[in-house]
Amino acid sequence: MTFNLTKPVCFFDLEATGLNVIRDKIVQIAIVKYSPDKEEPEEFVQLINPGIPISEEAIGVHGLTPKHLANKPTFQQMAQKIFDFIGDSDLGGYNSNRFDVPLLMEEFARVGIEFDISTRKTIDVQRIFYKMEPRTLKAALRFYCGKELTDAHDALADVRATVDVLKGQIEKYKTVPLPGVENENETPPVQNDMKVLHDFTNDTKMLDATQRMKYDINGVPVFNFGKYMGKPVAQTLVKDKQYYNWILNKEFSSQVKQLVKKLVKEYEKEQRQ
């Protein structure tokens, strides 16, 4: 298939130090550029030294560590080359409107280059996927069970539909490995077992539903927000009682407050032993 183009379009993807489009920085950029006057696309790929730490979560996704990037150019050194390669092209990607485009704009702005998108078309392939294959209970019931949902948003009808969907998922995926997993012998993650389903549908790194705390790489509960981001919860709060009281008296979930009390109590008990 050939794209029907009146101007070039650059499909691109960014790997970054994290998911914050304001604070985080690019560690790799890849661009495939289609032009109306060229039969074959042009490709550009570059590793970039971000000059700031890379989050553990990001390394877990893209595998790029500071060691991989130590001798690579900075974005400032590559900015003009990237800008010239893109030119006046339209832009495309996967979740690009929410992440890749704004992050690229921020990187250009930091080095004094205005990357204007007001005259560019932006094509987000993820949005096509989500709109054409809606992730609703009604769509799931149709997909997994071949049924139509009547009385939608009636609580009992929705619960019954949810149960039917789960049964359909267990049946459909009981022998299907997780996409992207290379080990073919690994047990499929969707099984008729509530513990297996719990593990698959929960982020086991997070301590609470609001994701204010998580386990670090060593299994230590750390903050996932604020000025103590990444710092051990219990040790920090024992030293900073004002912050501890602030959490207990502000609009944090009851789960967070219970966990904070429990972690501090356990830490203080350990210190007395």
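FYI, it's all coordinate maths here, none of it is from the lab. Every value quoted in this text rests on a predicted model; they were computed, and no experiment measured them. Ideal geometry is used to build each Cβ from the backbone, glycine not excepted, and the neighbour counts take in all protein chains shown.
In this structure, is residue 152 over 26 Å from the mean Cα position of the chain (by Cα) and in a loop (DSSP other than H, G, I, E, B)? The answer is yes for residue 152.
Candidates 190, 163: the one that is closer than 16 Å to residue 201 by Cα, surrounded by 15 or more Cβ atoms within 10 Å (Cβ to Cβ) and of a type in the set (A, V, I, L, M) is 190. Please work out if residue 127 is surrounded by 15 or more Cβ atoms within 10 Å (Cβ to Cβ) and of a type in the set (Lys, Arg). Criteria met by residue 127. Screening 249, 202, 218, 224 for residues that are out of contact with any Leu (no Cβ under 8 Å at 6 or more places or on another chain) and over 30 Å from residue 54 (Cβ atoms) leaves exactly one candidate, 249.
The set of residues from the stretch 194-208 being more than 21 Å from residue 56 (Cβ to Cβ) and part of a loop (DSSP other than H, G, I, E, B) is empty.
The number of residues in the stretch 161-195 that are more than 21 Å from residue 145 (Cβ to Cβ) and of a type in the set (A, V, I, L, M, F, W, C) comes to 2.
Among the residues of the stretch 56-78, those that are under 19 Å from residue 110 (Cβ atoms) and either touching a Leu at 6+ places or on another chain (Cβ under 7 Å) or surrounded by 14 or more Cβ atoms within 10 Å (Cβ to Cβ) (or both) comprise 58, 69, 72, 73, 74, 75, 76, 78.
Within the stretch 217-253, the residues that satisfy the criterion of being in a strand (DSSP E or B) and surrounded by 12 or more Cβ atoms within 10 Å (Cβ to Cβ) are 221, 222, 223, 232.
You will find that of 150, 122, the residue that is over 30 Å from residue 10 (Cα atoms) and not small (Gly, Ala, Ser) is 150 and no other.
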